[in-house]
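See below for the structure under consideration.
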Amino acid sequence: MCGIVGYIGNKKAAPILLAGLSKLEYRGYDSAGLAIIENEKIVVEKDKGRVKNLYNIKAIEELNGTIGIAHTRWATHGVPSKENAHPHIDNSGNFAVVHNGIIENYSELRTFLEANDYKFISATDTEVIPNLIHYFYTKDIKEDEYRLLRAVKSTADKLIGSFAIEVISKNEPNNMIVVRKDSPLVIGKGYGESYIASDIPAILSYTKDFYLLENLEFVLLDRDKIRFFDNDLKEFEKKPTTITWNAMAADKNGYEDYMLKEIYEQPRAIRETIGTRIEDNACKFDELNFSKEYLSNIKQIYIVACGTAMHAGITAKNAIENLCKIHTEVEVASEFRYTNQLIDENTLCIFISQSGETADTIAALKLSKMKKAKTIAITNVIGSSITREADYSLYTHAGPEIAVASTKAYTSQITLLILLAIYFAEVLNSESEDILQKLIKELCSLPNKVEKVLEEADKVKEIAKKLYKEKDIFYIGRGIDYATAQEASLKLKEISYIHSESYAAGELKHGPIALIEKGINEIGIITDESLVKKSISNMEEIITREALTTLVVSDDIVPNIDTNQFTNVIIVPSTEVFVSPIITIVPLQLLAYYISKEKGLDVDKPRNLAKSVTVE
Ligand code: AGP
């Protein structure tokens, strides 16, 4: 869950590395550092805290070196400190390494190295890597251009766990070696220069041509060449992928924060996700092209994911079961692995991950494949690890999501899942044409409806001003609105640090209502016409106990209820129940955003969190 950047070329490396790190801070931000080859020496500068601290280090400004590696950290082994910050160098000072991932057998490797007189300065798992490289490099008697490559390969052979590493050496001052296993790494190709990063947006302003590295592909870079080697160190050709996002998509583009920009990008993201998947009023997935026979063999569906992605799954369960008549379970990936799920070749497992790098989700996918289930990955990141594991990969086209709190990825994921449910229903002939047509029409109208909600942002901001000092906020809803309540509550707690819970409205009286007292704030969501009466009674039970209530309600319901009894009311355009969370979540994302702003917090980088959770 760290971010790494590298540069090799003819420009000063330091500014490029710092700019890349700033764009990767969402992956971790407790310490940062860089190493540059300067006059045939390795210079390392690092510190605890955010990347901006590096901008204040005078020595970095003065570095002219044109080859360098850099890192922004999310601590796993060892507290955030200067010693534990990357890059790490070996005892001789000849090799510098940055690493993203976890070396699970680092303590055995450390014991081995200590027995060979190596000393350790940090508490990290990473520090074994440069020392192992030194160990293998000095043992190698062949002094050819592949010596460093061989040392890195021998080191990688010893590592258990996940890693994306960049290596530079004083001994080979015109080269860099990179390799990855289960942690992301991409190489951007320039003219006489290469850029390396944990993800594409960090270096998108320099190039559009990227090599997406597979596990255990070793890369030997000099200024002019990028050479690829397989795990037996046999050289092979690799084709670059051209990325169509523009750099602006990965910038704030005038917005105060990425999260706000991404909230406002939702109409476009939904449109793009629908893209060409609707044609002649029918859904099509060229990537799948399933036959009726294939789908008829599927007896159950599991949707597996974490956090917000899992909430997208909960939201879509209803639509899949109703439209396709296939029993559907939604599971948290970290739990799925440790419960003995009854899955087999007649099970379809759908894995959702914005980043495509979430360790728990990928591990669950691997487990399902072992049990012979059919697997589909839904992700936003082209070439991400999850797409290499799944039988089929479907991309949301939300564009890069930088803020830790997921917003446009969530609404795009739901959009894609509903499209998928319609597609399955069409193939299976399991739902009436009328219902499917209505849903398709409604899906296409969603971007405009979300735009309408966004126009009301100022009203939401006013409500945020009333709520930001609260210690607890509860969200309730029934049916599909309970799914939205869960996501809204997660959004609030992760960026405002306000304690929040979500409950199925009918469950309140089975315990949680004991928490309701005078002045407590509760947010209720009502968009399902068939549940209005029951949901209103649940809200009234709360009002009776002198709590303060905010109601999020769709406009078709408003005439049938007395809105005066609620402290605040947010009215959203009505839509089909299955897709209503795509609209309803928007004011609640804005509410969490404005509450966080009122509290003066860093919205994009909430404490203790990272965008890409690559540890289990
Ligand atoms: C969302 O706001 C969270 N930051 C988090 O729950 C996230 O959705 C989760 O970690 C899963 O990430 P993924 O979609 O990249 O797999």
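The values are calculated or read from the model by the stated rules, or taken from the named source; none is laboratory data. These numbers come from a predicted model, not from an experiment. Don't worry about glycine lacking a Cβ; one is built from the backbone with ideal geometry, like all the others, and counts go over all protein chains shown. Heads up: the accessible areas ignore ligands, DNA and RNA and are worked out on the full protein's heavy atoms, side chains in. Shrake-Rupley method; radii C 1.70, N 1.55, O 1.52, S 1.80 Å.
Structural remarks
- Given a 1.4 Å probe and the protein chains as shown, Lys299 ends up with an accessible area of around 130 Å².
- Overall Cα dimensions of the range 130-222, principal axis frame, Å, largest first: 41, 30, 16
- A 1.4 Å probe run over the chain, with the rest of the protein chains in place, finds 38 Å² accessible per residue.
- The chain, relative contact order [Cα under 8 Å, separation at least 6], %: 12 percent
- Two-site FRET efficiency, Met370 against Glu507, from Cβ-Cβ distance with R₀ of 41 Å, rounded to 0.05: 0.70
- Point-charge dipole on Cβ atoms (K/R +1, D/E -1) for the chain, about Cα centre, debye to 20: 820 debye
- For the pair the range 374-423 and the range 282-354, the centres of their Cα atoms are 13 angstrom apart.
- Its DSSP H runs of at least 4 residues, each contributing -39,500 (n - 2.57), put the calculated 222 nm mean residue ellipticity of the chain at -11000 deg cm²/dmol, to the nearest 500.
- Binning all Cα-Cα separations of the range 456-602 at 10 Å, short to long from zero, yields these whole-percent fractions: 12, 47, 35, 5, 0.
- Where a label projected 7 Å from the Cα of Cys444 along Cα→Cβ would reach, residues of the range 263-290 with amide N under 19 Å: 267-286
- Gain on full stretching of the segment that runs from Tyr294 to Glu114 - 0.36 nm per residue minus C-alpha separation: 59.2 nm
- Prolate/oblate/rounded label for the range 280-330 (Cα gyration tensor, a/c 1.5): prolate
- The slack between Glu517 and Lys234, meaning 0.36 nm per residue of separation minus the straight C-alpha distance, is 95.0 nm.
- Selection of chymotrypsin sites (Phe, Trp or Tyr not before Pro), the range 132-224, meeting DSSP coil and at most 10 other Cβ within 10 Å: Tyr191
- By a 1.4 Å probe calculation restricted to protein chains, Trp245 has an accessible surface near 50 Å², given to the nearest 10.
- Sites Thr563 and Glu62, calculated FRET efficiency, Cβ-Cβ separation with R0 56 Å, nearest 0.05: 0.30
- The range 1-137 - percent of accessible surface contributed by carbon and sulfur, probe 1.4 Å: 51 percent
- Accessible-area composition of the range 208-277, carbon plus sulfur, in percent [1.4 Å probe]: 47 percent
- Net charge, Thr315 excluded, C-beta distance under 13 Å - Lys, Arg +1, Asp, Glu -1: -4
- DSSP finds beta bridges in the chain, and of those with both partners inside it, around 55 percent are antiparallel.
- The calculated Kirkwood hydrodynamic radius for the range 174-241 is 12.0 Å, given to one decimal from all distinct C-alpha pairs.
- Pairs from the list Lys189/Lys374; Lys471/Lys611; Lys299/Lys452; Lys518/Lys597; Lys58/Lys469 with a Cα-Cα gap above 32 Å: Lys189/Lys374; Lys299/Lys452; Lys58/Lys469.
- Accessible area per residue (1.4 Å probe, heavy atoms of protein chains only) ranks His134, His99 as His134, His99, with the largest value leading.
- Membrane-span-like helices in the chain, defined here as complete DSSP H runs extending at least 20 Å along the helix axis by their C-alpha atoms with mean Kyte-Doolittle hydropathy no lower than -0.5, are 307-324, 408-428, 433-454, 480-496, 580-598; this is a sequence and geometry rule, not a statement about a membrane.
- Computed FRET value (nearest 0.05) for Ile435 with Glu287, which takes r as the C-beta separation and R₀ as 35 Å: 0.90
- Cleavage-rule hits, GluC sites (Glu not before Pro), the range 215-256, DSSP coil, Cβ neighbours within 10 Å at most 10: Glu237
- Sequence of Lys597, Lys441 from largest to smallest accessible area, 1.4 Å probe: Lys441, Lys597
- In this structure Val453 has an accessible area near 10 Å², from a 1.4 Å probe over the protein heavy atoms.
- Asp528, Asp280, Asp481, reordered so the largest accessible area comes first (probe 1.4 Å): Asp280, Asp528, Asp481
- Gyration tensor verdict on the range 253-454 (Cα atoms; rounded if a/c is under 1.5, prolate if a/b is larger than b/c, oblate otherwise): oblate
- Cα gyration tensor shape for the range 315-373, rounded if a/c is under 1.5, else prolate or oblate: oblate
- For the range 420-566, the relative contact order comes to 19 percent (Cα pairs under 8 Å, sequence separation of at least 6).
- Geometric extent, Cα atoms of the chain - Rg, Dmax (angstrom): 25.7, 84
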